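Here's the structure, in structure tokens; my notes come after.
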Amino acid sequence: MQDQESSGVQGKSASNEAFPSKLWSLNGIRRYNWWFRVILYAFFLLSGQAVATLLGRLYYDKGGNSKWMATLVQSAGFPVLFIPLFIFKIYSPVTSSTTITSKNSPSVFALTLLYLSLGILLAGDNMMYSYGLLYLSVSTYSLLCATQLAFNAIFSYFLNSQKFTPFIFNSLVLLTISASLLAAEPNSAETTKDSKGKYIVGFLCTLGASAGYSLWLSLTQLAFQKVIKKETITAVLEMQIFPSLVATCVCVVGIFASGDWKHLEKEMNEYAEGKVSYVMTLVWTAITWQISSVGTVGLIFEATSLFTNVISTLGLPIIPIFAVIFFHDKLSGIKVVALFLSLWGFVSYIYQHYIDNRKSKGTTTDVDLN
């Protein structure tokens, strides 16, 4: 009875906090294993996100022009995940807890509806990201993506019972000001070598993609809690594979419906770095996006959607630095201020995590003593 009450307190606390209270209920080797998984997923997310974004910009800079192809590669790399999925399914030990969990497994209809919904949302979100990366410089694009924290706070409040605190509110204000500065940047059109109209389209699409990504994160966390109800690595992989399959099918239909497929051969022949480089750019973009996505879903599973978004935002300031080195992007004074405000907003979130951790640890200790 006491164990049930303790788990109930922890479950409620975890749903209300940015960082999972279940960390403090783990002891010894289990806690170290949890940290190992979180660090591994965070590495996948940050490295995959940075490399995929830079490769996506490289595709456009060297002659690529198909928005549908740029969208397709963000989800088409999912077949590589079947290898670890099969390995874990074969070698995962069958325990009594696994048997109990299987009895409460969701129906095929529920899973199909879930994967279809998340896959269609993912396809639309990837398309908006493609337009944003086409019409914006990498540095502006990355800084705008930091607004996903603000959107995630809103969605987490309604879908995941995330509480608003003064530090979270401060972060929202800072990120809003940061995005506003980028919108008002006087040299934005010159920086992207596009018309002001295309800059606005890219700006709005990136904001819309950030909102869509945040909604996807919150819905994925909700799906793990309400539908999947399994704490296994296979659940993480399946949550990435099947929505990606749906998103890929949507993109393939889009390529043929829009007529983009007629121009792909010409695009490959005229690619500045050659045909092999064209293919390899697309292949590695697809693979790195899947690496990033596995890290994303894994962190949602191990922690929360909000924590995942914070880790994702942590990597965004890194991308403009590489953009300056490889693509010679200009970091204007306004962008530097926007970067500073984004980092300040990130620090506010991190400090809120620290406060939540302290409260969570104290709550768990009190429950154990009782």
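The values are calculated or read from the model by the stated rules, or taken from the named source; none is laboratory data. Fair warning: this is a prediction, and the values are worked out from it, not measured in the lab. Positions of Cβ are generated from backbone atoms using ideal geometry, with glycine treated the same way; all protein chains shown enter the neighbour counts. The protein model used for the area step is the full one, side chains on, heavy atoms only, and it has no ligands, DNA or RNA in it. Shrake-Rupley method; radii C 1.70, N 1.55, O 1.52, S 1.80 Å.
Figures for the structure shown
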| item | result |
| --- | --- |
| Hits in segment 262-312 - residues which are open to solvent by less than 50 Å² (accessible area, probe 1.4 Å), over 19 Å from ASN160 (Cβ atoms) and of a type in the set (S, T, N, Q) | SER277, THR281, THR285, THR288, GLN290, SER292, SER293 |
| Within segment 99-111, considering residues that are open to solvent by 70 Å² or more (accessible area, probe 1.4 Å) and not charged (D, E, K, R), the one modelled with the highest pLDDT | PHE109 |
| Residues satisfying the stated conditions in segment 146-158, i.e. of a type outside the set (S, T, N, Q) and open to solvent by less than 10 Å² (accessible area, probe 1.4 Å) | ALA146, LEU149, ALA153 |
| Residue pairs meeting the criteria (Cβ under 6 Å; at least 6 apart or on separate chains; first over 14 Å from ILE154 (Cα atoms), in segment 204-228; second open to solvent by 40 Å² or more (accessible area, probe 1.4 Å) and among the aromatic types (Phe, Trp, Tyr)) | CYS205/TYR131 |
| Residue count, segment 60-87 (criterion: in a helix (DSSP H, G or I), under 19 Å from the mean Cα position of the chain (by Cα), of a type in the set (A, V, I, L, M, F, W, C) and closer than 28 Å to SER137 by Cα) | 3 |
| Selection status of GLY124, within 30 Å of PHE224 (Cα to Cα), open to solvent by 10 Å² or more (accessible area, probe 1.4 Å) and at pLDDT 90 or above | yes |
| Residue within segment 202-215 that is surrounded by fewer than 17 Cβ atoms within 10 Å (Cβ to Cβ) and under 24 Å from the mean Cα position of the chain (by Cα) present | yes |
